[in-house]
Amino acid sequence: PARAGLASAPTASGPARLDLVLLDGATRAGATALTSWVHATGMAVAGFWGGFSVGRALVVLVPVPRRTGLPYGRVLNGDGITAMILVGSDATARSLYDEWVLVHEFTHLGSPYIRDTGAWLNEGIATYIEPIVRYRAGWRSAESVWREWHDYMGRGLQALGATGLARTRRAGVYW
């Protein structure tokens, strides 16, 4: 794996450090572009929160053969904070900025984590904030944000009815 240390964004107590690990595997975007994208995403999310939410985090990028985009991401808490992001090997440097996954996962770092029945709030906050961050960074238009909200927020209505917030799954959790 390749490693890079990124002094990414200010926090309340000084600069944040994102340690980047790119696991073995070819990516069309290349290590330099991936590093720049992680840094820019950290700065964009820090701009929303008024500073990056944690002092240090590990970002692990996992190349996925014959895929484009970012098929999956997750924040893991253990002996520190890790954001694990699957990166399609066919993703281009420019296409990374069209993806929502890393912004979404970094947004989780700035909101409280609620166990058990709190998935709807955890994911709902990140789902709502992510397009705003990308709009402010210049990576998408205001019209596309409004269109996404109009087209997808209705998915969460079942959670407000018979299913209930505590038992909702999939789309109800995110919307």
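Miscellaneous remarks
- Pair list, Cβ < 9 Å and 6+ apart or interchain, from segment 89-108 residues that are farther than 20 Å from Ser141 by Cβ and open to solvent by less than 40 Å² (accessible area, probe 1.4 Å) to residues that are modelled with pLDDT under 95 and among the aromatic types (Phe, Trp, Tyr): Phe106/Phe52
- Taking segment 121-151 as the range and being outside any helix (DSSP H, G or I), of a type in the set (Gly, Ala, Ser) and under 30 Å from Arg56 (Cβ atoms) as the test, the residues that pass are Ala137, Gly138.
- Checked against the criterion of being in contact with a strand residue (DSSP E or B) (Cβ under 6 Å, 6 or more places away or on another chain) and among the polar types (S, T, N, Q), the candidates Ser111, Ser89 yield just one match: Ser89.
- Positions within segment 37-74 being touching a strand residue (DSSP E or B) at 6+ places or on another chain (Cβ under 8 Å), open to solvent by less than 40 Å² (accessible area, probe 1.4 Å), hydrophobic (A, V, I, L, M, F, W, C) and under 23 Å from Pro112 (Cβ atoms), in sequence order: Val45, Ala46, Phe52, Val54, Ala57, Val59
- The set of residues from segment 152-173 being in a helix (DSSP H, G or I) and either open to solvent by 90 Å² or more (accessible area, probe 1.4 Å) or of a type in the set (A, V, I, L, M) (or both) comprises Met153, Arg155, Leu157, Gln158, Ala159, Leu160, Ala171, Val173.
- Hits in segment 127-149 - residues which are of a type in the set (A, V, I, L, M, F, W, C) and either at pLDDT below 95 or surrounded by fewer than 14 Cβ atoms within 10 Å (Cβ to Cβ) (or both): Ala142, Trp146, Trp149
- Residue list for segment 109-120, restricted to those being in a loop (DSSP other than H, G, I, E, B), open to solvent by 70 Å² or more (accessible area, probe 1.4 Å) and among the hydroxyl-bearing types (Ser, Thr, Tyr): Tyr113
- Cβ-Cβ under 9 Å pairs, at least 6 apart or on other chains, segment 58-83 side among the basic types (Lys, Arg), far side in a strand (DSSP E or B): Arg66/Gly88; Arg67/Leu86; Arg67/Val87; Arg67/Gly88; Arg74/Thr82; Arg74/Ala83; Arg74/Met84; Arg74/Ile85
The values are calculated or read from the model by the stated rules, or taken from the named source; none is laboratory data. As the structure is a prediction and not an experimental result, all values here were calculated from the model. All Cβ positions, glycine included, derive from the backbone under ideal geometry; neighbour counts span all protein chains shown. Heavy atoms of the whole protein, side chains included, go into the accessibility calculation; ligands, DNA and RNA do not. Shrake-Rupley method; radii C 1.70, N 1.55, O 1.52, S 1.80 Å.
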